[in-house]
1. If packing is taken as the average number of other Cβ atoms within 10 Å across a peptide's residues, how do 6-13, 179-186, 25-32 rank, most packed first?
2. If you take every residue apart from Val63 with its C-beta less than 12 Å away from the C-beta of Val63, what net charge results, scoring Lys and Arg +1 and Asp and Glu -1?
3. Rounded to the nearest percent, how much of the accessible area of region 1-102 (1.4 Å probe, protein heavy atoms only) is carbon and sulfur?
4. Using every pair of alpha-carbon atoms in region 1-159, split the distances into 5 Å bins beginning at 0 and state the percent of pairs per bin, rounded to integers.
5. Defining a contact as two alpha carbons under 8 Å apart and six or more residues distant in sequence, what relative contact order in percent does the chain show?
6. Note down the magnitude of the dipole of region 164-209 about its Cα centre, charges +1 on Lys and Arg C-beta and -1 on Asp and Glu C-beta and zero elsewhere, to the nearest 20 debye.
7. Find the accessible area per residue for the chain; the probe is 1.4 Å, ligands and nucleic acids are left out, and the unit is Å².
8. Of the peptides 97-107, 134-144, how do they stack up when ordered by the mean number of other Cβ atoms within 10 Å, highest first?
Amino acid sequence: MTHARGERSALCDLLDRLGPDAPTLCAGWTAYDLAAHLAVRERRPDAMGGIAIKALAGYTASVQNGFKARHPFPELVGVIRKPGGVYGLLPALDEAVNTLELFVHHEDVRRAQPAWQPRELPADLEALIWKRVSTGARLMLRKSPVGVVLHRLGGGVALGGPRGGSRVEVTGKAAELLMFCFGRQAHARVELTGDPGSVTRLREATLGV
């Protein structure tokens, strides 16, 4: 089983267990909304633009709501258990494109629940996450108001944010740095070091792809 398939299966198991009204870290979204988002992302490429472009967000939301209207929650979870569209035909593409997406959304559900704890990840998944974080840091941190130095526990450094000026050092495991860079700063187990004002600005910044 690939990491993408593993995260997909674990996420769907968790959704089934928690039910449609469970909270997530995605502002304003329940588990039902998150499941609909994943279905739209894979099965309605015409509606994907609204995920990143505000002008198209209304259309994306309408398509997402359509999935909820047509599919009861257990049925919708069943839909996303299998890769949709081109991802279902090309497992290598599913692994390349969806591993981080599914990991982050799995954590969005896990970390919105009481008494959550970080998972112990396989070494190869941790290494894959760090590879993606280190190569994508500039993109994910492009909206940071301060320079950022990411320090991976176990080795590895990546830079993001504006060059020059104040810098904040962020230290943690690769998975925690990923959650931080994806805009889940309040729910990432990391240590921040730097000027207190800069640390606060970074914690409150809108980060992510």
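1. Numbers: 6-13: 19.1, 179-186: 21.5, 25-32: 17.0.
Ranking, from highest mean packing down: 179-186, 6-13, 25-32.
2. Details: positive: Arg41, Arg43, Arg44, Lys68, Arg70; negative: Asp46.
Net of charged neighbours comes to +4.
3. On the way: 3090 of 4980 Å².
Heavy-atom surface of region 1-102 belonging to carbon and sulfur, 1.4 Å probe: 62 percent.
4. P(r) over region 1-159, rounded to whole percents: 2, 8, 16, 19, 20, 18, 11, 5, 1, 0.
5. Working: 312 pairs, mean separation 36.3, N = 209.
Across the chain, relative contact order equals 17 percent.
6. 100
7. Details: 10060 Å² over 209 residues.
That works out to 48 Å² for each residue.
8. Numbers: 97-107: 22.0, 134-144: 16.8.
Ranking the peptides 97-107, 134-144 by packing returns 97-107, 134-144.
The values are calculated or read from the model by the stated rules, or taken from the named source; none is laboratory data. Computed from a predicted structure; not experimentally measured. Positions of Cβ are generated from backbone atoms using ideal geometry, with glycine treated the same way; all protein chains shown enter the neighbour counts. Note: areas computed on protein heavy atoms with side chains; ligands, DNA, RNA excluded. Shrake-Rupley method; radii C 1.70, N 1.55, O 1.52, S 1.80 Å.
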